Amino acid sequence: MIEEYTGVENYKGRADQRIWIMKQITVDNFQDMCKRIKQMQDNDSIVGSSNFGRLMDYLMKEDYDWIRAINSILEE
């Protein structure tokens, strides 16, 4: 799916691949991307699944307490 939508072959999460993918995200295609991500399986035992949809849900919330909680843990 990543190759189909971004042109990145054999995605491994390398910095250069992530940078290229981020450059492909625009205001116009962001909502479509979110819809496609949420259609993916989120079960870790399934190959090709992703929990990125859950992260997107958190990022789009107006309540940022979850970020404060993570920062608090990281600062310990």
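When 47, 8 are sorted by how many other C-beta atoms sit within 10 angstrom of their C-beta, beginning with the fewest, the order is 47, 8. Among 20, 66, sorting on how many other beta-carbon atoms sit within 10 Å of each Cβ, with the fewest leading, yields 66, 20. Start at zero, step by 10 Å, and the Cα-Cα distances of the chain spread as 15, 39, 36, 10, 0 percent across the bins. Using only side-chain charges placed at the Cβ, +1 for Lys and Arg and -1 for Asp and Glu, the dipole size of the chain relative to its Cα centre rounds to 160 debye.
Note on the chain: helix-only mean residue ellipticity at 222 nm, from DSSP H runs of 4+ residues weighted -39500 (n - 2.57) and normalised by residue number, equals -17500 deg cm²/dmol. Ordered by the count of other Cβ atoms within 10 Å of each Cβ, fewest first, 72, 50, 45 give 45, 72, 50. Each of 48, 5, 22 was placed along the dipole of the chain (beta-carbon charges, centred on the mean Cα), and the one lying farthest toward the positive end is 5.
Quick note: the coordinates plus some simple rules give every number you see, no bench work behind them. In this text the structure is predicted, and so the values were computed from the model without any measurement. Reconstructed Cβ throughout: ideal geometry from the backbone, glycine too, with neighbour counts over all protein chains shown.
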